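Engineer: Sharing a structure below in structure tokens format, with a few things to ask.
Just so you know, all these numbers are worked out from the coordinates, no wet-lab data involved. Model, not experiment: these values are computed from the prediction. Methodologically, a virtual Cβ is constructed for each residue, glycine included, from the backbone with ideal geometry; neighbour enumeration extends over all protein chains shown.
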Amino acid sequence: MAENNDLQTRKGAATHFLQLVAAGRIEEAYQKYVDMQGKHHNQFFPAGFPALQKAMIESHIQFPKKQFTIKNVLGDGDFVAVHSHLVLSPGEKSMTVVHMFRFRNGKITEMWDLGQAVPPDSPNIDGPF
């Protein structure tokens, strides 16, 4: 039962981290949830969480009205995956985003993020969500 409680805590931390970031409270999110000695795997930014944090701050300045909606949260051991819908600017094209986190000692120590544009003319009537 303790493992299940720990997993629920990690899932809550992952979702709260993303909600804080989307709301522009990036410094708070990192302070509360990230082990800054950890690593991320976003290929568009230099290694290390400080570089990713800086990029997230810059993104919020560029897209202050982004809409971020969590659709699914999965957990397995120290890993949590969050499947979300992201609209950078209201009325613009949207994206399906998956963030994957590895936790150690209650903090995010590793992170992956993947995104895919949602085409307006997709032949799949079921959509991405």
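Engineer: Quick check on the range 82-102. Is at least one of its residues of a type in the set (Asp, Glu), surrounded by 11 or more Cβ atoms within 10 Å (Cβ to Cβ), assigned to a loop (DSSP other than H, G, I, E, B) and in contact with a helix residue (DSSP H, G or I) (Cβ under 8 Å, 6 or more places away or on another chain)?
Structural biologist: Among the residues of the range 82-102, not one is of a type in the set (Asp, Glu), surrounded by 11 or more Cβ atoms within 10 Å (Cβ to Cβ), assigned to a loop (DSSP other than H, G, I, E, B) and in contact with a helix residue (DSSP H, G or I) (Cβ under 8 Å, 6 or more places away or on another chain), which makes the answer no.
Engineer: Could you look through the range 103-129, keep only residues that are touching a residue at least 60 places away in the same chain (Cβ under 8 Å) and either closer than 19 Å to PHE45 by Cα or in a loop (DSSP other than H, G, I, E, B) (or both), and pick out the one that is farthest from the chain's Cα centre (by Cα)? Walk me through it before giving the result.
Structural biologist: Quick first cut of the range 103-129, residues touching a residue at least 60 places away in the same chain (Cβ under 8 Å) only: 103-113.
Adding the requirement that they be either closer than 19 Å to PHE45 by Cα or in a loop (DSSP other than H, G, I, E, B) (or both) leaves 105-106, 108-113.
Details: ASN105: 19, GLY106: 16, ILE108: 11, THR109: 13, GLU110: 12, MET111: 8, TRP112: 8, ASP113: 7 Å.
By that ranking, first place goes to ASN105.
Engineer: Considering only the range 50-81, how many residues are within 18 Å of THR96 (Cα to Cα) and outside any helix (DSSP H, G or I)?
Structural biologist: 13
Engineer: Still on this structure, I have one more. Does ALA47 qualify as being part of a helix (DSSP H, G or I) and hydrophobic (A, V, I, L, M, F, W, C)? So that I can check it myself, show each step before the final result.
Structural biologist: Values: part of a helix (DSSP H, G or I): no; hydrophobic (A, V, I, L, M, F, W, C): yes.
So ALA47 fails the test.
Engineer: Something else: Every residue in the range 94-129 that is in contact with a strand residue (DSSP E or B) (Cβ under 6 Å, 6 or more places away or on another chain), farther than 23 Å from ALA29 by Cβ and not hydrophobic (A, V, I, L, M, F, W, C), please. Walk me through it before giving the result.
Structural biologist: Just the residues of the range 94-129 that are in contact with a strand residue (DSSP E or B) (Cβ under 6 Å, 6 or more places away or on another chain), to begin with: 94-102, 107-118, 128-129.
Those left that are additionally farther than 23 Å from ALA29 by Cβ: 116-118, 128-129.
Of everything in the range 94-129, those that are in contact with a strand residue (DSSP E or B) (Cβ under 6 Å, 6 or more places away or on another chain), farther than 23 Å from ALA29 by Cβ and not hydrophobic (A, V, I, L, M, F, W, C) turn out to be GLN116, PRO128.
Engineer: Of VAL118, VAL97, VAL87, VAL21, which residue is within 26 Å of ASN5 (Cβ to Cβ) and among the aliphatic types (A, V, I, L, M)? Steps first, answer last, please.
Structural biologist: Working: VAL118 fails: within 26 Å of ASN5 (Cβ to Cβ); VAL97 fails: within 26 Å of ASN5 (Cβ to Cβ); VAL87 fails: within 26 Å of ASN5 (Cβ to Cβ).
Testing whether each residue is within 26 Å of ASN5 (Cβ to Cβ) and among the aliphatic types (A, V, I, L, M) leaves just VAL21.
Engineer: Within the range 25-41, take every residue that is under 13 Å from the mean Cα position of the chain (by Cα) and buried (at least 16 other Cβ atoms within 10 Å of the Cβ) and give me the one that is nearest to GLU110 (Cα to Cα).
Structural biologist: Filtering first and then ranking leaves HIS40.
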